[in-house]
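Presented below is the structure to which this report refers.
Every number in this text was worked out from the coordinates using simple rules, so none of it is lab data. Because the structure is a prediction, the values reported are computed rather than measured. Here the Cβ positions follow ideal geometry from the backbone for every residue, glycine too, while neighbour counts run over all protein chains shown.
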């Protein structure tokens, strides 16, 4: 089949993609969960006999890209013990899953007795048991609290369902009828794929079909290698944090360090997460499959966004993620934070690539998948309910344009990010009080970061529990090339006209709700790109008119003076000059001989020692977060230590800090406090 002509290759490739699209249509039409049929929190994919993804459509990358690990685990377990009519079900994160809610059906397809394809469906089941309705708890300390863990098991064998196994699963999950409906929708999609694959085999012959698969994988690999080869060889670094908290009553932040060393050699790339924090008994961990998928998603989105995704794009990329860490979790630690690790890995990739290819990179996206869950028993109907909400945040700004607001990020495919109030209010005892984009939540820059979403949900009757599993409530999304940070995640109890934050920001497990209680959700914004003082004043005025930026923030971040809907150009010129002069720089000293990291509980954080005069110049207090801003790339975040013995106008930096900022000793850099906008 080496002489497969280009037209046949394209027809075969699109034919396989159309199989996946029809799988998706089947799920849409038959699923029972709002999260699936309305919000589209599911994905379909087609895999070859080796477990390589060969076709997807508009699916969620965070579902499809980790799926090869699930297929591989199933193949290892069952080996040759697979037959037509078998259906494998699994959700085990430790064996290639994402989190327990993502239940996967894997369906082997045979031709003339030979295994040729695996259609697979990964659906977010709104509940899989565990300690709280919705299964994702911000206070989980072990995986058993996150639901029932399903290793690869044949739920159907030669077409016959294992009733006992099904009953075990359903007896450990809430809202039984929805779970049955979701399973049947996934099964129907796989059977649809089998029918369409047999039609393609009959039309083109199996050898032509498999040759087309192989050639398509090869050309995707070629495209990715060509893009990597354009990058300057070398090592690029970044570091970020996951958030966890110490015990009551202080609930002290214990940030978990996530460093990245990105190595480019010719047409190959290695992402090395050695040094990542040890896994924690808290919902801040995820799996190797999720970590690797996050690297692949970033590279695919940055370098080859217009072509369909398949396994060939992954071949030039290697991942190093030590076992027992937050990026390669092992039993029995919680693994529910796949959306948080995924977006943090994407963030470190963007931070590193902002030096390698700033013209292709964006600023940081909205830090978290922001899993909000409200569930209980409806006092009117007497039935269980679980509502799963993930109000989307802002995306990072980039060279050509502002970041999209309240929109799916690169790892979310066509996931619906503003869920229907009408559907929610007819299915659950909830009322959407209001939904709006959060003014001032996008990071300021030459191009502005996208805005986050604010939403208020009220329990209309009965009792319920609210849980939140998220991150980025303390450490906000970063800007690049001088762009400012965006607003962080927030979640509040609305009482007496005020929003009262939870004591552990971003992490809530089973907070009791009574009739009339209101929860306010705030997703994060996207970071800014480039110097805010260079943004076109007319663009700032438009942001003010549209309600994206307040008049006060236009002055504070952009140096633009707006009066009565018009720009005061003379005052703006003066204001910008004044703000430029007020930027505080320090001269770098070092590299430091000792560590510039401080251990705190399970966490570890970078500290920056400032003389009191330098701290006063940027208006920061002890243990407040600040940014070290180089002339390029992304900033370093650090916690302030005010010491009278420090040299005025100087800052000691360690070797890794120099590597991240790509600067040298004795250079000057800007220091500034982390931006905290006034949202509305």
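What ranking of 484, 112 emerges when the number of other C-beta atoms within 10 Å of each C-beta is taken as an exposure proxy, fewest first? Let's see the in-between values first.
Details: 484 29, 112 7.
Final ranking by Cβ density, sparse to dense: 112, 484.
Any chance you could run the full-extension gain for residue 463 through residue 112? It's 0.36 nm times the residue separation minus the Cα-Cα distance, nm to one decimal. List each step's numbers first, then the result.
On the way: separation 351, 0.36 × 351 = 126.36 nm, distance 5.63 nm.
120.7 nm is the gain from fully extending residue 463 to residue 112.
How much length is gained if the chain between residue 318 and residue 474 is pulled fully straight, taking 0.36 nm per residue apart and subtracting their Cα-Cα distance, in nm to one decimal? It would help to have the intermediate numbers written out before the result.
Details: separation 156, 0.36 × 156 = 56.16 nm, distance 3.11 nm.
Going from the current span to full extension adds 53.1 nm.
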### Query
With labels modelled as points extended 7 Å from the Cα through the Cβ direction, what inter-label distance (nm, one decimal) is found for residue 180 paired with residue 514?
3.7 nm
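With a ≥ b ≥ c the root eigenvalues of the C-alpha gyration tensor of region 6-218, is it rounded (a/c under 1.5), prolate (a/b larger than b/c) or oblate?
prolate
Write down the percent of antiparallel bridges among all DSSP beta bridges whose residues are both part of region 583-673, to the nearest 5.
70 percent
Quote the FRET efficiency, to the nearest 0.05, computed for residue 400 versus residue 164 with a Förster distance R0 of 51 Å and r equal to the Cβ-Cβ distance.
0.35
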### Query
Nearest 10 degrees, 0 to 90: what angle lies between the long axis of helix 288-303 and the longest principal axis of the chain (Cα atoms)?
70 degrees
### Message
Under the rule a/c < 1.5 gives rounded, and otherwise a/b versus b/c splits prolate from oblate, where does region 583-673 land using the Cα gyration tensor?
### Response
rounded
### Query
With r defined as the distance between the Cβ atoms of residue 267 and residue 330 and R0 fixed at 25 Å, what FRET efficiency is calculated, to the nearest 0.05?
0.15
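At 0.36 nm per residue, and after removing the present C-alpha to C-alpha distance, how many nm does the segment from residue 582 to residue 383 gain when stretched out fully? List each step's numbers first, then the result.
Details: separation 199, 0.36 × 199 = 71.64 nm, distance 6.06 nm.
Result for the pair: 65.6 nm of gain on full extension.
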### Task
Would you please state which residues of region 206-243 a label at residue 3 would reach in this model, taking the label point 7 Å out along Cα→Cβ and a backbone N cut-off of under 17 Å?
207-209, 211-212
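Treat the count of other C-beta atoms within 10 Å as a stand-in for reagent exposure and order 374, 150 from fewest to most.
By the 10 Å Cβ count, ascending: 150, 374.
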### Query
Relative to the longest principal axis of the chain, what angle (0 to 90°, nearest 10) does the C-alpha long axis of helix 206-229 take?
10 degrees
### Message
At a 10 Å Cβ-Cβ cut-off, how would you order 37, 558, fewest neighbours first?
### Response
37, 558
### Task
Compute the distance in nm between two label points, each set 7 Å from the Cα along the Cα-to-Cβ direction, one at residue 569 and one at residue 592.
4.8 nm
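At R0 = 35 Å, how high is the FRET efficiency between residue 235 and residue 172 if r is their beta carbon distance? Nearest 0.05 is fine.
On the way: r = 47 Å, r/R0 = 1.34.
Here the calculated transfer efficiency is 0.15.
Rounded, prolate or oblate for region 5-104? Axes are the square roots of the Cα gyration tensor eigenvalues, ordered a ≥ b ≥ c, and the cut-off for rounded is a/c under 1.5. The partial results should precede the final answer.
Values: a/c = 1.77, a/b = 1.09, b/c = 1.63.
Taking the square roots of the gyration eigenvalues as a ≥ b ≥ c, region 5-104 is oblate.
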### Task
State, to one decimal in nm, how far the label point of residue 274 lies from the label point of residue 666, with both points 7 Å from Cα in the Cβ direction.
3.2 nm
